[in-house]
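In what follows, a structure is listed as structure tokens, so that the remarks can point back to it.
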Amino acid sequence: MLIAGNWKLFKGPREAREFCGALAAAVDTSGIEVAVCPPFVSLAAALEGVRGSAVQVFAQSVHWAETGAFTGEVSAAMLAEVGVAGAIVGHSERRQYFGETDETVARRSEAALAAGLRVIACVGETLAERDGSRVEEVLRRQTAAIADAVGPHANLVVAYEPVWAIGTGRTASPEQAQEAHAIIRDILDVPILYGGSVKAENAPVLLAQPDVDGALVGGAALEVTSFAGICAAARAVA
Ligand code: 13P
């Protein structure tokens, strides 16, 4: 069971260090894995904050090239040098706003895994796709792109994040999450996280689904109390 907090565009270095110190003191990691995913500039500070604890630090993206003319990007080797454990790849916000495609998600995943990083690769349908009964088709296409590139790699985790549930307060029902996770697992048998308005209150029922192996948390990961509450819910079902 992995509980990862995706901070998105929140928390600079000072806040990251303080938050991680407080989180490390508040969270019980026995039997589960806990990770935070700060913005690039806050990674080193977050690593200082979690030092001495089992809380891991992941980046929010990673480029496929080792070096080169790729303004604004960061390579897997650079992240490994800083000391992070892994990276999120292909979050729907990157697909939506920054032109990420199934192909770039596959390339980024491949490079990160080759460099020894762990990868949380994100998939998930939009509301229009769900309303158009295209959930299975979309999940199969997105997951197959990752599977074709890297297969069921030991350092790979997939996150199912229905776009309509992100930041909306609207979660997938436990049945919808389980159904989607089963489709993903049919193609790629790796741990699968659920993401989309996960809170301490709804975490127990979501995490209790047989094919839900953890959570990728946005808003509720920005406060120590709520994030630690989700981690406690994970420990209860782990
Ligand atoms: P929320 O938990 O804020 O809905 O965000 C989910 C998410 O996008 C995590 O990556």
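Quick check on my filter: what residues within the stretch 98-147 are part of a helix (DSSP H, G or I), out of contact with any Phe, Trp or Tyr (no Cβ under 6 Å at 6 or more places or on another chain), in contact (Cβ under 8 Å) with a residue 24 or more places away in the chain and of a type in the set (A, V, I, L, M)?
105, 106, 112, 113, 114, 135, 139, 144, 145, 146, 147, listed by residue number.
When the residues of the stretch 139-165 are narrowed to those that are surrounded by fewer than 22 Cβ atoms within 10 Å (Cβ to Cβ) and among the β-branched types (Val, Ile, Thr), which ends up farthest from residue 123 (Cα to Cα)?
150
Mind telling me which of the residues 23, 79 ends up being without any contact (Cβ under 8 Å) to a residue 60 or more places away in the chain, more than 15 Å from the ligand (Cβ to nearest atom) and of a type outside the set (S, T, N, Q)?
Sole residue among the options that is without any contact (Cβ under 8 Å) to a residue 60 or more places away in the chain, more than 15 Å from the ligand (Cβ to nearest atom) and of a type outside the set (S, T, N, Q): 79.
Select from the stretch 166-191 the residues that are without any contact (Cβ under 8 Å) to a residue 40 or more places away in the chain and either buried (at least 24 other Cβ atoms within 10 Å of the Cβ) or of a type in the set (Phe, Trp, Tyr) (or both) and list them in ascending order.
172, 177 - these are the residues of the stretch 166-191 that are without any contact (Cβ under 8 Å) to a residue 40 or more places away in the chain and either buried (at least 24 other Cβ atoms within 10 Å of the Cβ) or of a type in the set (Phe, Trp, Tyr) (or both).
Does residue 41 satisfy being more than 16 Å from the ligand (Cβ to nearest atom) and modelled with pLDDT of 95 or more?
Here the answer is yes, as residue 41 does meet what is asked.
Name, by its number, the condition in (1) within 16 Å of the ligand (Cβ to nearest atom); (2) modelled with pLDDT of 95 or more; (3) surrounded by 14 or more Cβ atoms within 10 Å (Cβ to Cβ); (4) among the hydrophobic types (A, V, I, L, M, F, W, C) that does not hold for residue 98.
Exception for residue 98: condition (3).
Tell me yes or no: at least one residue of the stretch 118-138 is surrounded by fewer than 16 Cβ atoms within 10 Å (Cβ to Cβ) and within 16 Å of the ligand (Cβ to nearest atom).
Within the stretch 118-138 (the criterion being surrounded by fewer than 16 Cβ atoms within 10 Å (Cβ to Cβ) and within 16 Å of the ligand (Cβ to nearest atom)), the answer is yes, since at least one residue qualifies.
Can you say whether residue 93 is in contact (Cβ under 8 Å) with a residue 24 or more places away in the chain, of a type in the set (Asp, Glu) and in contact with a Leu (Cβ under 7 Å, 6 or more places away or on another chain), as far as the supplied structure shows?
no
The values are calculated or read from the model by the stated rules, or taken from the named source; none is laboratory data. None of the values given here were measured: they were computed from a predicted structure. For neighbour counting, all protein chains shown are included, and Cβ atoms are generated from backbone atoms with ideal geometry for every residue, glycine included.
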